[in-house]
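The values are calculated or read from the model by the stated rules, or taken from the named source; none is laboratory data. Quantities reported herein were computed from a predicted structural model and do not represent experimental measurements. Note that we place each Cβ from the backbone using ideal geometry, even for glycine, and neighbour counts take in every protein chain shown.
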Amino acid sequence: MNRYLFVGSIDYSAHCLRELLNMNINIVDIMCPYEEASKFNNDYCDLGKVAKEFHRNVYYFKEIRDESEHIREINPDLIFVLGLSQIVPKHILEIPKIGCIGSHATLLPKNRGRHPVIWAIANGLKKSGMTLLWLDEGVDSGDIWAQKKFDINETDDASTIYQRVKELTIELLRENIPDLENGIAKRVKQDESLASYWRKRTKKDGEIDWRMSSRRIYDLVRALFRPYAGAHCFYQEKEIKIWKVKILDANKKLNNLEPGRVLYRTDFSIRVKTGDSAIEIVEHEFNPLPQVGEYL
């Protein structure tokens, strides 16, 4: 029976860990960064909550790169790194006898890099996928262990896709871990000629530019829905979170109005001119609501 080490730090990690523990494979240790070492993760999750359900302990750390001594003492055959926003350096990758398995929520080799769920929705993709891969020193460039496609519908947001990613990962683990237990470590080389990269997002990328089309604004807002930070705009020099919008039909009468103008309001929502039509903001953190005729 293989000796497995599990490393993770987010809600996705907790979901995967619970499934692996339920599978009764030989997880010899669970590692999780301290919360203060993961402040940039909106969905940080203390794995101790899951471990406690199974009467297990968690080893907490600040930086995975500094934990080679601890990992060598554990002597794992394989390390699952599922949901860790830290680069695993070469001297850690070389410790397990079989290797390290990580995850990336795209159909690799396409769309390597940070924030795959957010970029997929923000860019209006109709399909993406979940890939479990053997980690190497590159960025999402290791051999593929297992992979599945999924659709992205117009009504999907970050929350629904995040759930789909968790569910697909569980399917992949259930289907492929028996092979590992039988000594089969599947590896499929990525085709580098098809590789592409998404850059790291910045806070500026979450700011709504009302000159964009209604579709681009709609995609941006749903891409940054919970558990992420939310899209935002500025009103009266304050940052305002925008959580849900509806696209309104194009109206030629609006052509002479500048984007960002508030067209209509109720007690709860407002309609705003965009680059090509208008949207209705239906879930937000405005307090108070802007008045008709004001600009965002």
- request: Go through (1) crowded, with 17+ Cβ neighbours inside 10 Å; (2) without any contact (Cβ under 8 Å) to a residue 60 or more places away in the chain one by one and return the number of the condition His115 breaks.
  value: (2)
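Going by what's in this entry, would Phe80 be described as among the aromatic types (Phe, Trp, Tyr), closer than 30 Å to Met1 by Cβ and touching a Leu at 6+ places or on another chain (Cβ under 9 Å)?
Working: among the aromatic types (Phe, Trp, Tyr): yes; closer than 30 Å to Met1 by Cβ: yes; touching a Leu at 6+ places or on another chain (Cβ under 9 Å): yes.
Yes, satisfied.
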message: I'd like the full set of residues that are more than 15 Å from Tyr4 (Cα to Cα) and outside any loop (DSSP other than H, G, I, E, B), limited to segment 175-196.
response: Glu175, Val188, Glu192, Ser193, Leu194
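In the set Arg18, Arg65, Arg56, which member is basic (Lys, Arg), outside any helix (DSSP H, G or I), at pLDDT 95 or above and surrounded by 13 or more Cβ atoms within 10 Å (Cβ to Cβ)? Don't jump to the end; show me each part of the working.
Values: Arg18 fails: outside any helix (DSSP H, G or I); Arg65 fails: outside any helix (DSSP H, G or I).
Result of the check over Arg18, Arg65, Arg56: Arg56.
Residues that are among the polar types (S, T, N, Q): list the strands (runs of 3 or more DSSP E) wholly contained in segment 247-296 that include at least 3 such residues.
Values: elements: 262-265, 270-273, 278-284.
In segment 247-296, there are no strands (runs of 3 or more DSSP E) which contain 3 or more residues that are among the polar types (S, T, N, Q).
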- request: Output the residue which, of all residues in segment 130-145 that are in contact (Cβ under 8 Å) with a residue 40 or more places away in the chain and within 15 Å of the chain's Cα centre (by Cα), is nearest to Asp205 (Cα to Cα).
  value: Met130
- line: All-but-one check, Val188 against (1) over 26 Å from Lys126 (Cβ atoms); (2) surrounded by fewer than 20 Cβ atoms within 10 Å (Cβ to Cβ), failing number (1)
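Kindly state which strands (runs of 3 or more DSSP E) lie completely within segment 83-155 and contain at least 2 residues that are touching a strand residue (DSSP E or B) at 6+ places or on another chain (Cβ under 8 Å), assigned by TED's automatic domain parsing to the domain that holds Glu36 and of a type in the set (Ser, Thr, Tyr). Talk me through it step by step, then tell me what you get.
Values: elements: 99-104, 127-134, 144-151.
Here the list reads 127-134.
If you check Lys148, Lys127, Lys97, which single one turns out to be surrounded by fewer than 18 Cβ atoms within 10 Å (Cβ to Cβ), without any contact (Cβ under 8 Å) to a residue 40 or more places away in the chain and closer than 15 Å to Tyr4 by Cβ? First the steps, then the outcome.
On the way: Lys148 fails: closer than 15 Å to Tyr4 by Cβ; Lys127 fails: closer than 15 Å to Tyr4 by Cβ.
Unique residue meeting the criteria: Lys97.
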